[in-house]
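Below: the structure, in structure tokens.
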Amino acid sequence: MRAARPLAVFFDLDGTLADTAEDLSAPIQAMRAERGLAPLPLERLRPWASMGARGLIQEGLGVAREAPGFEDLRQDFLRRYETAMLVHTRLFPGIAEVLDTLDAAGIRWGVVSNKFERYVRPILAGLGLLERAACAIGGDTTAHSKPHPEPLLHGARLAAVRAQQCVYVGDDLRDVEAGRAAGMRTVAAAYGFCGGDSPPGEWGADHLVVQPGELLDVLALR
């Protein structure tokens, strides 16, 4: 049976709405160069981009979160990233059409990310989306970050809809866990970074899409 149209759709940012992998990897490449290390292929770092500084430092520099000196590395990473967040970052092909279709259908949409809000908002502004979005929520906007449902529930409140009337789209297991905990229909974005130990088809999402345009079918918009 064809699913009903939602009243709101929320997206993760990194690896779902926008391809931010190259800009997220750039600080690691620079930090490696300063240490006399060769650059890593972008495709090796891409799956770790969903995990932010923690994952990229672990994969790119071989330093775990629990290791001495990790916090200094993280702060160095964040300083570098904040100065160059929109060099290569672009919407995934097909996302602009999805957002335009949502607007035309009167369906609210927004972003719920684990990235700090001070990064989420300027990235959306740089992509020309901030004024259109019903929300721009980061991992520090509420007292919790995903996989806790509170950021998604906060998004639903800002969009003035019930969580059960919403869909959440993400490229990480935490996104599906958060969406399900919030009572939202979930979509796994298999075209994204999809880091972690299990493939998107095993996350238990209600739907799986391998390219953004398929969202229009999932959302009953074509």
*Identity of the residue in segment 1-32, surrounded by 24 or more Cβ atoms within 10 Å (Cβ to Cβ) and of a type in the set (D, E, K, R), that ends up farthest from A104 (Cα to Cα)*: D14
*In the set Y119, Y168, which member is in a helix (DSSP H, G or I), of a type in the set (F, W, Y) and either surrounded by fewer than 23 Cβ atoms within 10 Å (Cβ to Cβ) or touching a strand residue (DSSP E or B) at 6+ places or on another chain (Cβ under 8 Å) (or both)?*
Y119
*Which one is nearest to the chain's Cα centre (by Cα), of the residues in segment 204-222 that are farther than 12 Å from T16 by Cα and crowded, with 22+ Cβ neighbours inside 10 Å?*
A205
*On the given criteria, is R174 touching a Pro at 6+ places or on another chain (Cβ under 8 Å), touching a residue at least 40 places away in the same chain (Cβ under 8 Å) and surrounded by 21 or more Cβ atoms within 10 Å (Cβ to Cβ)?*
no
*Would you point out the residue of segment 67-81, among those that are outside any loop (DSSP other than H, G, I, E, B) and among the aliphatic types (A, V, I, L, M), that is surrounded by the most Cβ atoms within 10 Å (Cβ to Cβ)?*
L73
_Matching entry among A125, A84, A64 (being assigned to a helix (DSSP H, G or I) and either out of contact with any Lys or Arg (no Cβ under 8 Å at 6 or more places or on another chain) or surrounded by 21 or more Cβ atoms within 10 Å (Cβ to Cβ) (or both))_ = A125
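None of the figures in this text is laboratory data; all of them are computed from the coordinates on show. What you see is a predicted model; the values in this text were computed from it and never measured. No Cβ is skipped: glycine too gets one built from the backbone with ideal geometry, and neighbour counts run over all protein chains shown.
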